[in-house]
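As structure tokens, the structure follows; a few thoughts come after it.
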Amino acid sequence: MDESLWSKVDAYATDLFGLLDPVLASVVSRSEEEDLPAIQVSECQGKFLEILVRGCRAKRVLEVGTLGGFSTIFLARGVGPGGTVVTLELEPRHAAVARESLRESGLEHRVEVREGDAHESLSRMVTEGVEPFDFVFIDAEKSGYPRYLDPVLRLSRPGTMLVADNVVRRGEVVDAGSDDPDVRGIREFNARVAAAPGLEATILQTVGTKGHDGLLIAVLT
Ligand code: DHB
Ligand code: MG
């Protein structure tokens, strides 16, 4: 494994496609200044999300785990004018950074940052019977992943695409005996996706500036 080579390739693609524009660079520096953990998706992964959202013609996107709003900006770009992103964040400090970043990006009118426990926010949306989402991105606390699936499916319709970050965890996901709560959460989540009726799913491993991890990609049929 050559992690420095993975990072070089990410830098090459980021430069080639001009992925780190001034708005996103400013989100990264604001997040650093505010001491947020540097665990946002890479530029290449963020653009991948935007491309999926555009390709699905998704107009309503749900994000679980906002952090500083880096991935949120890609999602908000993907939905285009008239589209909406609802993003759920537990930490008030993270939500504040995200709101500032969204203001600066000029996309704040497309995004609703819902602060609070995502499990509660999801339950509330299910109870309210909100319009189904076209695309869902899960990138929050890993031990909580299994409990996101049921409400997310209730907030979906046939054709809704679901993407979840960090489902490989440096390969630790294959360790059935792991006592790491994050790995256990991811394994349980992946198993529930596999067992869910009507979900077609796969896992794509990723390497790059974020090390070795993976994305789960699924569509509700
Ligand atoms: C962690 C969380 C993430 O969402 C990620 O992309 C990488 C790492 C973490 O909690 O360690
Ligand atoms: Mg992540």
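None of the figures in this text is laboratory data; all of them are computed from the coordinates on show. These numbers come from a predicted model, not from an experiment. Ideal geometry is used to build each Cβ from the backbone, glycine not excepted, and the neighbour counts take in all protein chains shown.
Antiparallel beta bridges, as assigned by DSSP with both residues in the chain, represent about 40 percent of the total such bridges.
So how strong a dipole does segment 1-124 carry about its Cα centre when Lys and Arg Cβ are +1 and Asp and Glu Cβ are -1, to the nearest 20 debye?
Working: 14 positive and 21 negative charges, 164 e Å.
Using Cβ point charges on Lys, Arg, Asp and Glu, segment 1-124 gives about 780 debye.
Expected output is a single nm value to one decimal: the length gained when fully extending between SER143 and ALA11, i.e. 0.36 nm times separation in residues minus the C-alpha distance. What is it? Intermediate values should be presented prior to the final figure.
Working: separation 132, 0.36 × 132 = 47.52 nm, distance 3.08 nm.
Going from the current span to full extension adds 44.4 nm.
What is the chain's relative contact order, in percent, from Cα pairs under 8 angstrom and six or more apart in sequence?
Values: 412 pairs, mean separation 40.5, N = 221.
Across the chain, relative contact order equals 18 percent.
Farthest towards the positive end of the charge dipole of segment 81-163, among the residues GLY116, PHE133, VAL85, is the Cα of PHE133, using unit charges on the Cβ of Lys, Arg, Asp and Glu.
Would you work out the charge dipole size for segment 3-220 about its Cα centre, treating the Cβ of every Lys and Arg as +1 and the Cβ of every Asp and Glu as -1, and quote it to the nearest 20 debye? Mind showing how you got there, number by number?
On the way: 24 positive and 35 negative charges, 167 e Å.
Here segment 3-220 has a charge dipole of around 800 debye.
Applying 1/(1 + (r/R0)^6) with R0 = 30 Å to the Cβ-Cβ distance of SER29 and SER4 gives a FRET efficiency near 0.85.
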